[in-house]
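Working notes for the structure below.
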Amino acid sequence: MNQTKDAYVCARCAAVGATCCRLNPGQEDICFPVSELERQRIVEYGPRLGGLTGAPNSKSFLDNLRRLFPGDRALVTRRFPPHGEHLRLATRPDGACAFLAPDGCVLPREARPYYCRLFPFWISAGAVTAFEARGCLACTEARTVAGMLELLGMTPANVRELHGRLRLAWGLVPGGPEEPLPAKVENNA
């Protein structure tokens, strides 16, 4: 994978403003979970950075995970029980990730959570797809999944591997049930 391409595009995106590293204030409960493995990698990189927080397994958090993993609804509910808690990336009052700097993420790519490394890509019905991400320069500039892969220096094999690692880290079986996501996903690889 070409780290330089990824870093360059993401740094330009961070300079523009709206990025995948920002939530609208009040949407923090739809932020993806951080697994114990991911937490350990972050802490090993910069134990004094902070940047993680506990969050409740709210209805909107669970609904979002069930949307991402429609074939694993029951497993998602067992892994993230209602009224339980999970760890997530902390955000600043403006909704920006605690690790977001003016020139992009302060974490090296290998220390970032899998979801961060995957974005804007996802696996749906066995195909590499991409979220419709407003403000994402990779999505805006490349416009197709193939173009985004090239722009970010990734391959379909990279995406499949990261998606499998994410599933495993989150307690889901790698290569588990694959169903298409709702209309929010573009499939034009």
Problem set entry | Residue list for segment 1-34, restricted to those being assigned to a loop (DSSP other than H, G, I, E, B) and at pLDDT 75 or above | Cys20, Cys21, Leu23, Asn24, Pro25, Gly26, Gln27, Cys31, Phe32, Pro33
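Could you please find all residues in segment 138-156 being outside any loop (DSSP other than H, G, I, E, B) and buried (at least 21 other Cβ atoms within 10 Å of the Cβ)?
Matches in segment 138-156: Ala138, Cys139, Val145, Met148.
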Problem set entry | Qualifying residue in segment 118-134 (condition: touching an Asp or Glu at 6+ places or on another chain (Cβ under 8 Å), touching a residue at least 40 places away in the same chain (Cβ under 8 Å), at positive phi and not hydroxyl-bearing (Ser, Thr, Tyr)) | yes
For this session: Keeping to segment 87-107, report how many residues are surrounded by fewer than 19 Cβ atoms within 10 Å (Cβ to Cβ) and part of a strand (DSSP E or B).
Result: 3
Exercise. If you go through segment 125-134 one residue at a time, do you hit one that is closer than 19 Å to Thr19 by Cβ, surrounded by fewer than 17 Cβ atoms within 10 Å (Cβ to Cβ) and more than 14 Å from the chain's Cα centre (by Cα)?
Worked result: yes
Exercise. Of the conditions (1) within 25 Å of Leu151 (Cα to Cα); (2) modelled with pLDDT of 90 or more, Pro102 fails just one. Which one is it?
Worked result: (2)
Problem set entry | Members of segment 32-91 found to be in contact with a helix residue (DSSP H, G or I) (Cβ under 7 Å, 6 or more places away or on another chain), among the basic types (Lys, Arg) and closer than 22 Å to Thr129 by Cβ, listed by number | Arg66, Arg73
Exercise. Applying the selection to segment 35-74, what residues are touching a residue at least 60 places away in the same chain (Cβ under 8 Å) and not acidic (Asp, Glu)?
Worked result: Ser35, Leu37, Arg41, Ile42, Tyr45, Gly46, Arg67, Leu68, Phe69, Pro70, Gly71
Problem set entry | Candidate set from segment 35-50 (those that are part of a helix (DSSP H, G or I) and farther than 21 Å from Glu85 by Cβ); member that is modelled with the highest pLDDT | Glu44
Seminar exercise, completed: The lone condition Glu110 fails out of (1) in a helix (DSSP H, G or I); (2) surrounded by 13 or more Cβ atoms within 10 Å (Cβ to Cβ); (3) out of contact with any Pro (no Cβ under 7 Å at 6 or more places or on another chain); (4) touching a residue at least 60 places away in the same chain (Cβ under 8 Å) is (2)
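The values are calculated or read from the model by the stated rules, or taken from the named source; none is laboratory data. Every value quoted in this text rests on a predicted model; they were computed, and no experiment measured them. Backbone-built Cβ (ideal geometry, glycine too); neighbour counts: all protein chains shown.
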